[in-house]
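The values are calculated or read from the model by the stated rules, or taken from the named source; none is laboratory data. Note that the coordinates shown come from a computational prediction; the quantities given were computed from them, not determined experimentally. Glycine gets a Cβ as well: all are built from the backbone with ideal geometry, and neighbour counts include every protein chain shown. Surface areas here come from the heavy atoms of the whole protein model, side chains and all, with no ligands, DNA or RNA. Shrake-Rupley method; radii C 1.70, N 1.55, O 1.52, S 1.80 Å.
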Amino acid sequence: MTGNRGTRGARGARGNKGNRGKPKKRRLRLFLVIGVSLVVLATAGAGWVYFRLNGNINTFAADGIARERPKSSAAGQNVLIIGSDARTGGNAKLGGGDKDDVGRSDTAFLLHIYGDGKHAVGVSIPRDSLVDIPACKLPDGSWTHEQTNTMFNAAFSVGQSPKGNPACTQNTIEKMTGMRVDHTVVVDFEGFSAMTSAVGGVKVCVPKDVYEGDLNPNRHSRGEQIFPKGEQTVSGQKALDYVRIRHGIGDGSDIGRIKRQQAFVSSLIKKIKGEGLNPTTLLPLADAATKSLIVDPGLGSADKLLSFAMSLKDIDLHNINFVTVPWRYQGARVAIVQPDADNLWATLRADRTLDGKYAGGKQEDPKKDGKDGGSPSKEQVSGSGVAVAVYNGTTVPGLGARAAGELKDHDFTVTLTDTAKSQAHTGTVVQYGPGAEAHAKTVAGLFPGAQLQQVTAQGVAVVVGKTYAASPETSKGGGDTTSDAPAKVKEKSRSADQDPCADLSYG
């Protein structure tokens, strides 16, 4: 009995030893099967999401974009955002109006994303601004004639299409700014409502109690309260009401509404960035947004849209600013103030922030080390401690500003930017007074071919000529980027990290 037990025990022991690895192998195989299954499901899920987003996206035809356009910028990109009050689809129940009504633009702003990928400025264009609308394509394939002194939002309605005409608005922006629009995005009521719900609501602030009669003055009665005074979180229809309301707050103008729209977009960006710009948070938002977006063909796929969104992740909230183009009232309409507006566009074309700093990446000059035996390159020129006045010696608008900007990039102190007495200069001249020849030669290092000229006046001055205007580095358009107009605009700007209750109303 004992021997049998010992034999059985020995066999059992040997059997256990021989099979000791099998449960581990079975577990390993099980984990591998589960792992492979999860990968397959995840891949299939990602593919499903991708095709779902792709199926959501609508694009407008590129053949409506003007044939003659500003050149693409080497630094930064420009995105036109249009808020449409089209009544198509599910929009009628959110904003009222006939489903066959003409698509209109409630709001629009041009977002300039700087070349460094760390700064952005959104410039709002009041819908009642008087502008020139260039030739635009109609649904039947014909083109309109240019319209002058016309309300800006009329561009979106050219052709009387229920979905609007985003290509015409893009053409108008390019004509107005001299900036090439890289992408255009149209967001309608339904899309806006869905996006705010997808992020779980957006924090806003209301300066006073708001009632139904403020949202719709045609009621002829105050109605029920829509918003109590103070901070609150809104989404869906409430969010839409907030950005559309214009009466009962401030002076009841579209300008005042723009202030609140800028505050809302700032809060929306803060909410999204606070949750992290990653596929987990972006996909629900993208699903909601793409259902009601109309975009240019360049953004017409899910991967392009997500890639664009991810490209914004490195911009700090403090470096995202919203401003309104310089304006003034002209009767019941809004006039764009010149030359302040052109100076603002010139600043953005030069990829400078509103305080005049260059935000684009500089290209390396292979000759900057001087080993080729040639003259020092522009990159080697340092103007630290050198003051210089700049004069435009041509009829080319903004040329002096371009030269001043280049001087500032090399640490020169620009004391003045003005028009020269003679505007017939062919070449560039660097003038210098007693004891300033060395500084004049330093300045001339930035202007190849410039002539030195001794004068009796003190200090150093550069008068740029037509040869400088022909330089590809300076032929980016007109406007004075060194004027104080952008700085004045910046004083009224809103950063995305600003208190939602700050500066909400004009008037």
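In a residue-by-residue description of the stretch 470-478, the property of being part of a loop (DSSP other than H, G, I, E, B), at pLDDT 85 or above, open to solvent by 30 Å² or more (accessible area, probe 1.4 Å) and of a type in the set (A, V, I, L, M) applies to no position. The single condition among (1) within 24 Å of residue 127 (Cα to Cα); (2) among the charged types (D, E, K, R); (3) open to solvent by 40 Å² or more (accessible area, probe 1.4 Å) that residue 273 does not meet is (1).
Starting from residues that are hydrophobic (A, V, I, L, M, F, W, C) and either in a loop (DSSP other than H, G, I, E, B) or touching a residue at least 60 places away in the same chain (Cβ under 8 Å) (or both), keep the ones in the stretch 420-439 and report whichever is nearest to residue 380 (Cα to Cα). Selected residue: 436.
Here the condition is being closer than 17 Å to residue 296 by Cα, among the hydroxyl-bearing types (Ser, Thr, Tyr) and modelled with pLDDT of 50 or more; of 73, 84, it holds for 84 alone.
Restricting the stretch 423-455 to residues that are among the polar types (S, T, N, Q) and open to solvent by 20 Å² or more (accessible area, probe 1.4 Å), the residue that is farthest from the chain's Cα centre (by Cα) is 454.
Out of 417, 442, which single residue is part of a helix (DSSP H, G or I) and either polar (S, T, N, Q) or touching a residue at least 60 places away in the same chain (Cβ under 8 Å) (or both)?
Values: 417 fails: part of a helix (DSSP H, G or I).
Within the list 417, 442, the selection yields 442.
Can you spot a residue in the stretch 225-236 that is over 30 Å from residue 120 (Cβ atoms) and modelled with pLDDT under 85? Scanning the stretch 225-236 turns up no residue that is over 30 Å from residue 120 (Cβ atoms) and modelled with pLDDT under 85.
Take the stretch 198-222 and flag every residue that is crowded, with 17+ Cβ neighbours inside 10 Å and among the small types (Gly, Ala, Ser). Matches in the stretch 198-222: 198, 201, 213.
Do we have residue 335 as open to solvent by less than 50 Å² (accessible area, probe 1.4 Å) and over 24 Å from residue 153 (Cβ atoms) here? Against the criterion (open to solvent by less than 50 Å² (accessible area, probe 1.4 Å) and over 24 Å from residue 153 (Cβ atoms)), residue 335 does not qualify. Within the stretch 253-263, is there a residue that is modelled with pLDDT under 90, assigned to a loop (DSSP other than H, G, I, E, B) and more than 30 Å from residue 311 (Cβ to Cβ)? Yes; the residues of the stretch 253-263 include at least one that is modelled with pLDDT under 90, assigned to a loop (DSSP other than H, G, I, E, B) and more than 30 Å from residue 311 (Cβ to Cβ). Scan the stretch 168-185 for residues that are in contact with a Ser or Thr (Cβ under 8 Å, 6 or more places away or on another chain), buried (at least 17 other Cβ atoms within 10 Å of the Cβ) and over 27 Å from residue 329 (Cβ atoms) and the total you get is 2.
Look at (1) within 30 Å of residue 357 (Cβ to Cβ); (2) surrounded by fewer than 21 Cβ atoms within 10 Å (Cβ to Cβ) and you find that residue 107 fails only one, number (2). Comparison of 314, 296 shows that the only residue that is acidic (Asp, Glu) and open to solvent by 20 Å² or more (accessible area, probe 1.4 Å) is 314. Of all residue pairs spaced 6 or more apart or on separate chains, those with beta-carbon atoms under 8 Å, a first member in the stretch 223-246 that is touching a residue at least 40 places away in the same chain (Cβ under 8 Å) and a second member that is open to solvent by less than 60 Å² (accessible area, probe 1.4 Å) and among the basic types (Lys, Arg) are 243/257; 243/260; 244/257. Filtering the stretch 122-145 to residues that are open to solvent by 50 Å² or more (accessible area, probe 1.4 Å) and within 22 Å of the chain's Cα centre (by Cα) leaves only 127.
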